[in-house]
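Nothing in this text is a laboratory measurement; each read-out follows from the coordinates by a stated rule. Everything quoted here is computed from the prediction, not taken from an experiment. Every residue, glycine among them, receives a Cβ derived from its backbone with ideal geometry; neighbour counts consider all protein chains shown.
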Amino acid sequence: MQTRVDNFLKMAFEAIEKVDIDGKTFYKSKNPDVLIKEYKGYISSLGANIVQAGVRAAITFYEAEEKGTAGDRRLVNAAIKYILTSPSEPVKKYSDCKLTQILPKEEDQLQQKALEIIDAATALKLALRTYKLK
């Protein structure tokens, strides 16, 4: 696990910088030094949600659009998909970067993908901690 998290860490920093979905980013007011603090909570609770509810339910919950908050949980899913798929160009539409699109249908493969998602989320959490949050 540690090796996979280490390998994902570079992509996690890249995801924070490049993921921009429907005009939403991790940055507070496009300031490259300050991130929206809600993302720390979103990413911290994702692993627990996966363990409690299962990977499909947790990812589906994070794909629901929310209104009235500074952050958007969907951006966490988009960043994790970015980390796992290493796209050549950042995707700008959320419908093109849903994490559920890469979940396998077979249960045995789903467990392996869940571990990869948790490792990518861990890398993203570590990367988020290097920024100032407001």
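Quick notes
- With the charge dipole of region 2-133 set up from +1 on Lys and Arg Cβ and -1 on Asp and Glu Cβ about the Cα centre, the Cα lying farthest toward the positive end among the listed residues Gly71, Ile83, Gly54 is that of Gly71.
- Across region 76-134, the convex hull enclosing all Cα atoms gives 99 Å³ per residue.
- Sites Lys24 and Gln112, calculated FRET efficiency, Cβ-Cβ separation with R0 22 Å, nearest 0.05: 0.15
- Length gained on full extension, Ser95 to Glu65: 9.7 nm, using 0.36 nm per residue less the C-alpha separation.
- Val34 long-range amide H proximity, modeled H, under 5 Å: Lys28
- Two-decimal log10 I(q)/I(0) for the chain, as the Debye equation yields it once each C-alpha is a single scatterer, q = 0.13 Å⁻¹: -0.48
- In degrees, nearest ten, helix 38-53 long axis to first principal axis of the chain (Cα): 10 degrees
- About the centre of its Cα atoms, region 18-99 shows a dipole size close to 60 debye [charges on the beta carbon of Lys, Arg (+1) and Asp, Glu (-1) only; nearest 20 debye].
- Scanning residues 5 or more positions from Lys98 or on other chains, none has an amide H under 5 Å from its amide H, with H placed 1.01 Å from N in the peptide plane.
- Beyond 20 Å in Cα-Cα separation lie the following of the pairs Lys98/Lys132; Lys37/Lys67; Lys10/Lys67; Lys81/Lys132; Lys37/Lys93; Lys67/Lys132: Lys98/Lys132; Lys10/Lys67; Lys81/Lys132; Lys37/Lys93; Lys67/Lys132.
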